[in-house]
Structure formats: C-alpha cells, structure tokens
1. Only bridges whose two residues both fall in the chain count here: according to DSSP, what percent of them are antiparallel, nearest 5?
2. Whose amide H sits under 5 Å from the amide H of ILE64, counting only residues 5 or more places off or on another chain, with H placed in the peptide plane?
3. In degrees between 0 and 90, to the nearest 10, how far off the longest principal axis of the chain does helix 185-200 point, with axes built from Cα atoms?
4. Run through region 29-134 and list the trypsin sites (Lys or Arg not before Pro) located in a DSSP loop whose Cβ has at most 14 other Cβ atoms within 10 Å.
5. Tell me the chymotrypsin sites (Phe, Trp or Tyr not before Pro) within region 117-167 that lie in a loop according to DSSP and have at most 16 other beta-carbon atoms within 10 Å.
6. Helix 47-59 against the longest principal axis of the chain: what's the angle in degrees, Cα atoms only, rounded to the nearest 10?
7. Quick query: amide H of ILE17 versus all other amide H atoms, modeled in the peptide plane; which residues come in under 5 Å with a sequence gap of 5 or more or a different chain?
8. Suppose only helical runs count, i.e. DSSP H with n ≥ 4. What mean residue ellipticity at 222 nm does that imply for the chain under -39500 (n - 2.57) per run, divided by all residues and rounded to the nearest 500 deg cm²/dmol?
Amino acid sequence: MDKIIITAFEPFGGDNINPTVKILEQIPDYLYNHRVIKTTLPVVYNHAFDRLLTLIDKHQPKLILELGLAKGRSHVNLERIAINVSDATIADNLGTVLKGETIVKNGADGLFSSLPLKKIIKKTKEKKLPVQLSNSAGGYVCNNLFYHTLHHVKTYNMKTLVGFVHVPMLVEQVSDQPNVPSLPRSVMVEAVMTILDTVLNPIDYKETAQKIKGAQKAQ
C-alpha cells in the first residue's frame, strides 16, 4: 500500500494552539488506498526536516503535504515556491533568529511545489472554498522545511509529490483579536481534504462524463 505523509507544526510565538495540529487530527488514517502517516514537527530551523527525513526514509511516500500557520492571512494558501533562505524577525522554538541564512549551500534559489496547483484551485473554487495560490511561503521555519523537502526529493530523484499549505488562525483563537483573520476548523479541514482528493484521486468524473458525451455527439 502506498503511503503519504502529512505534517503539522507545534505551537509557536506564544500561542497555545497551532491550527495545523487540529486539522491533522481530522484527517483519516487511510485515503484512496493510501496509508496516511501523520506527524507534528518542532518549530525549529533544520531540525523539523531532520525529523521528517526519518519518516521519508522509512515510508518512501507518494506524497508529502506540509501544513503551517500563517497568522494574518485570511485564506488557506497553497504555496507555489520555497526559497533558499531563512530570514525572519521572530525566533524559532529554540530561540534562534536567522537573518538571510542560506538553507542549502549551492542549492537552487527557489524550488517549486510539485502539486497540480491549477487543478487544486479549480476544484476548491467549484466548492467555493477560501483557497488561494501564494507566491511566498515566508522566510521562517515553514519555508525552511518546504525547501529542504523539495531539495531532498529532487536530489535523490524521488517521484514523491511535495506541497505546502499555509492556514489562518482558528476562529476560537482570535475571540479577543477581532482584527486578526481566521477560519473555522471545518472549513480548513475541507480545504485540505479537497487538496488531497485532487492529488490522490485525480479523475474528475464530471469532466470525464462531459468529454465522453462530447465524443459521442461527434460520432
């Protein structure tokens, strides 16, 4: 049975909850005949990937979907690219602040998600879900993990698909912060499940039926 890995992050920046953990709890253990390996990673530069690498080596996954919190964003963001630099004003959970630090020496300046982004956006729009493409995964631990993962898969010529999704705060997290964007957990879970469905079950039955009908008319 093929396996997929989905990652969340522990809380950081003074928050007691990371929405990605709550989302991960709602993902089934099996999807379309794939076993789902779920793990919560530390918000620590480079070490997050070290933890993930152990699972990659063990399970040789078909897909790695990484989830991260982007406080201040209003939509679920499907990240297009990871950049080869760590640069953020806040510290990771070990107190490290990195400014302009290269992630992988002599690595590419940027590496792109290997998910079918256009298909995912099309599917989420059909469902009227608040999902957008993003051209910046930031410079914090999220981007660091995303870049490391893409670089590893590329370096070892793996067929593994890799993508990163940023999510907003949960509604219950911002009850005393009315100006901070948020979404209900159920909406974010549906968005992530739609992404997984598009990648793991790529047949669009409605579109296929329309093509067949069109072909029959042409005969």
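Laboratory data are not the source of any read-out in this text; all were calculated from the coordinates shown. Keep in mind that this is a model prediction, so the values were computed, not measured. Here the Cβ is made from the backbone with ideal geometry for all residues, glycine too, and neighbour counts use every protein chain on show.
1. Values: 8 of 33 bridges.
Counting only bridges with both partners in the chain, antiparallel ones make up about 25 percent.
2. HN-HN under 5 Å from ILE64: ILE5, LEU161, VAL162, GLY163.
3. 60
4. On the way: sites: ARG35, LYS38, ARG51, LYS58, LYS62, LYS71, ARG73, ARG80, LYS99, LYS105, LYS118, LYS119, LYS122, LYS123, LYS125, LYS127, LYS128; in loops: LYS62, LYS71, ARG73, ARG80, LYS99, LYS105, LYS127, LYS128.
Answer by residue number: LYS99, LYS105, LYS127, LYS128.
5. Numbers: sites: TYR140, PHE146, TYR147, TYR156, PHE164; in loops: TYR140, TYR156.
In loop regions of region 117-167 (DSSP not H, G, I, E or B), the sparsely surrounded chymotrypsin sites (Phe, Trp or Tyr not before Pro) are TYR156.
6. 40
7. Those lying under 5 Å, H to H, from ILE17: there are none.
8. Working: 6 runs with 75 residues, N = 219.
For the chain, the value works out to -10500 deg cm²/dmol.
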